[in-house]
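Heads up: the structure comes next, in structure tokens.
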Amino acid sequence: MSGRQNDARPPAGGDMRPEDARRDNRRAILASVAVALVLVGAKLWAFAATGALSVAASLADSALDLIVSLGGLTAVIYAARPPDEDHAFGHGSVEDLAALGQSLFIAVSAIVIAASGIAHLVSGRASPLSAEGPGIAVMSLSIVLTLGLVSYQGRIARRTQNRVVSADRLHYIGDLLPNIGAVAALGASAAFGIVAIDAIVAIAAALVLLTGAWRIGIGAWDALMDKAADPETVAGIERIASEAPGVHGFHDLKTRRAGSRVFVNLHIELDGAQSLSDAHEVGAELHRAILRHYPQCEVIIHKDPLRPGRRAARRQDPSGGRGEAGGRERPSAPGPISER
């Protein structure tokens with residue numbers, strides 16, 4: 001490969017083996033399930049002791065986190081199954097379905113919490129809080145555990161590029177504001193007898209949850225609708241193809257996402273006078289080069305012979321990969337040869 005090809009930047013953790021990525025994804029989701037179980041139990045006790053609405057908001061969010069984390073664990077395990085006769089491209093789309101379901105759960109939870117907080121503010125009858133000390137202790141524990149989990153899942157998500165792990169992490173980032181707010185509400189009640197802040201914190205937490213639900217839902221919807229890979233990945237693949245030895249041009253670069261996988265289809269133009277074996281080796285080397293930089297990809301390469309006397313463009317046209325190279329006529333061919 002050309003020396004310039006090293007400029008194509010691989011994703012974080014690009015040298016991970018698929019089995020290592022699957023193992024880390026399972027560990028990240030199992031960690032979230034364990035943390036959620038601890039927090040649900042602790043917050044149930046804290047809510048019973050304090051009666052704080054902000055603690056209830058955090059409890060509801062942790063309970064939903066437990067549900068969606070269990071769903072996420074199921075999705076990660078199912079998505080790791082190899083392709084079969086009925087699912088030739090694998091089972092990765094289940095991760096996007098799980099992420100879409102997570103967004104719906106979070107949105108419903110946020111609406112209920114916001115409605116409760118608004119009702120308390122409008123009525124002007126804020127519920128008195130009690131046993132603020134134990135409540136603060138439990139919510140402080142929640143903050144510490146959540147920060148640790150978010151940090152761990154962030155490392156895994158950067159290494160594996162897994163959508164479910166990223167979505168699960170976002171849930172717990174959304175937990176931090178309710179937890180911190182609950183501590184503030186309990187502290188204000190203990191020090192100054194102010195209880196209205198409890199409802200305000202609950203409303204603010206609901207807004208954070210709704211924002212997160214929107215982001216998760218849009219990302220999952222885009223993946224289910226076969227949206228192209230991110231521009232950086234597409235540009236990196238273009239750069240690798242344009243610098244590959246033996247490749248005179250390329251066109252019809254198309255990508256789509258399914259879970260944490262990226263599916264790539266690419267047509268390359270080769271010297272039509274070379275042997276089939278040589279053409280195969282050019283495609284195989286390009287295939288290996290793309291996977292070295294982007295191991296999350298499933299790549300199919302179609303080989304077209306370059307028409308004698310015609311010089312192909314090195315990059316595809318500006319239409320986003322759906323036209324021909326440089327907008328020129330496609331070279332005539334008896335049919336492409338595919339490399340997968």
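The values are calculated or read from the model by the stated rules, or taken from the named source; none is laboratory data. These figures come from a predicted structure and were not determined experimentally. Neighbour counts run over all protein chains shown; Cβ positions are idealised from the backbone, glycine included.
Considering only the range 86-111, how many residues are in a helix (DSSP H, G or I), aromatic (F, W, Y) and either within 16 Å of A223 (Cβ to Cβ) or not assigned by TED's automatic domain parsing to the domain that holds Q153 (or both)?
Result for the range 86-111: 0.
Yes or no: the range 133-146 includes at least one residue that is buried (at least 19 other Cβ atoms within 10 Å of the Cβ), of a type outside the set (A, V, I, L, M, F, W, C) and at pLDDT 85 or above.
Yes: one or more hits.
Determine whether E281 is in contact with a strand residue (DSSP E or B) (Cβ under 7 Å, 6 or more places away or on another chain), of a type outside the set (A, V, I, L, M, F, W, C), farther than 30 Å from V76 by Cβ and not assigned by TED's automatic domain parsing to the domain that holds N25.
Here the answer is no, as E281 does not meet what is asked.
Considering D222, D226, which residue is among the acidic types (D, E) and outside any helix (DSSP H, G or I)?
Within the list D222, D226, the selection yields D226.
In the range 247-290, which residues are farther than 18 Å from G236 by Cα and of a type in the set (S, T, Y)?
Across the range 247-290, the qualifying residues are S275, S277.
Condition check ((1) buried (at least 21 other Cβ atoms within 10 Å of the Cβ); (2) within 30 Å of D20 (Cβ to Cβ); (3) at pLDDT below 95; (4) hydrophobic (A, V, I, L, M, F, W, C)) across all residues:
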site: S242; (1), (2), (3), (4): no, no, yes, no
site: V247; (1), (2), (3), (4): yes, no, yes, yes
site: R257; (1), (2), (3), (4): yes, yes, yes, no
site: N265; (1), (2), (3), (4): no, yes, yes, no
site: D271; (1), (2), (3), (4): no, no, yes, no
site: P295; (1), (2), (3), (4): no, yes, yes, no
site: E298; (1), (2), (3), (4): no, yes, yes, no
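Out of all the residues in the range 11-29, which are of a type in the set (G, A, S) and modelled with pLDDT under 85?
The answer is A12, G13, G14, A21.
When both residues are 6+ apart or on different chains and their Cβ atoms are under 6 Å apart, which pairs have a first residue that lies in the range 62-85 and is not assigned by TED's automatic domain parsing to the domain that holds R23, and a second that is surrounded by 14 or more Cβ atoms within 10 Å (Cβ to Cβ)?
Nothing qualifies.
Take D168 and tell me if it is at pLDDT 80 or above, surrounded by 15 or more Cβ atoms within 10 Å (Cβ to Cβ), in contact with a Ser or Thr (Cβ under 7 Å, 6 or more places away or on another chain) and among the acidic types (D, E).
Against the criterion (at pLDDT 80 or above, surrounded by 15 or more Cβ atoms within 10 Å (Cβ to Cβ), in contact with a Ser or Thr (Cβ under 7 Å, 6 or more places away or on another chain) and among the acidic types (D, E)), D168 qualifies.
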